[in-house]
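This report refers to the structure that appears directly beneath it.
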């Protein structure tokens, strides 16, 4: 119907007008003089104005504009123009179908090309609920993702030819397989991570809702939603992004320790007790109350296996510093 509609429009328009200007407009090749002529012509009547609006829509339609061939367009318009002077409507309509077919082929090839390179994607969400064990996920391209507790990874059922895009809410460790000509991108709420052949840790569920990225090996860059690079990271760097202040900070860390959780370990390097209990709260799905600010600011360095129970972990902390704890169903109270 689209092709017939525009073919009919071109027949009506071409009787007193150089139809080639319309063809050149569609292919974006008008000179300044021709642009002025087109504008002047469109002001002659409401029909001309309406036609120009239809042609503008035709030009802007991605499925048509993706691969439109100027020669084919002009051939179709020229053929249509050549039959305008025939007196019989029947003699116009009958040969018209041949030229409509030419336009149809152009539009169809553009549409198919657009869908091949930009396929409609359907996604699946992989969820690790609070208290559940780390989930290892092998993606279609051979990349491996370890998804932490209280996290969600959204992945397409099939990656496109030129890009591989996933979305993360929570924490995950990525070991990405490099594919020539196909970038890998991790989308988060505020910033995205562009990846080459790389392993890194990404966490969107930190204290103060900051995003933390730790690069273990390879190269990654943090980008805004317009895919403009904000900064590029080097191995053993940790970048912290505060979305409220729109500020970034960089520090050097032991990348292996920072990402040890995906090996079923929790590693805390100079972490405050508040940071530790926040992590434990997510893992064991409990509410931990610190009854002393001085205690909350105390720093620890320790490695804890995830196979240990909450009581066993609290006993380890009790050995490291003088604390006491009490467990009341889903509530934990820690004091001096």
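The numbers here are math on the coordinates, done by the rules we state, and not lab data. All values reported here derive from a predicted model rather than from experimental measurement. Glycine gets a Cβ as well: all are built from the backbone with ideal geometry, and neighbour counts include every protein chain shown.
Side notes on the structure shown:
- Neighbour counts of C-beta atoms inside 10 Å place 252, 188, 198 in the sequence 252, 188, 198, starting with the fewest.
- DSSP-defined antiparallel bridges as percent of all bridges, the range 264-335, nearest 5: 75 percent
- Relative contact order of the range 123-258: 15 percent, from C-alpha pairs under 8 Å at least 6 residues apart in sequence.
- FRET efficiency, residue 126 to residue 20 (Cβ-Cβ, R0 56 Å, nearest 0.05): 0.50
- Extension reserve of the residue 138-residue 311 stretch, reckoned as 0.36 nm per residue once the Cα distance is removed: 59.0 nm
- Exposure proxy ranking, count of Cβ atoms within 10 Å, fewest first, for 45, 143, 271: 45, 271, 143
- Label-to-label distance, nm, for residues given as residue 44 and residue 32 (7 Å Cα→Cβ offset): 2.4 nm
- For the pair residue 163 and residue 183, label points projected 7 Å from Cα toward Cβ lie 0.7 nm apart.
- Shown for 37, 245, 326: other C-beta atoms within 10 Å of each C-beta, ranked fewest to most, produce the order 245, 326, 37.
- Between residue 242 and residue 209, the contour length at 0.36 nm per residue exceeds the Cα-Cα span by 11.1 nm.
- Estimated FRET transfer efficiency when R0 is 25 angstrom, pair residue 274-residue 230 (beta carbons, to 0.05): 0.30
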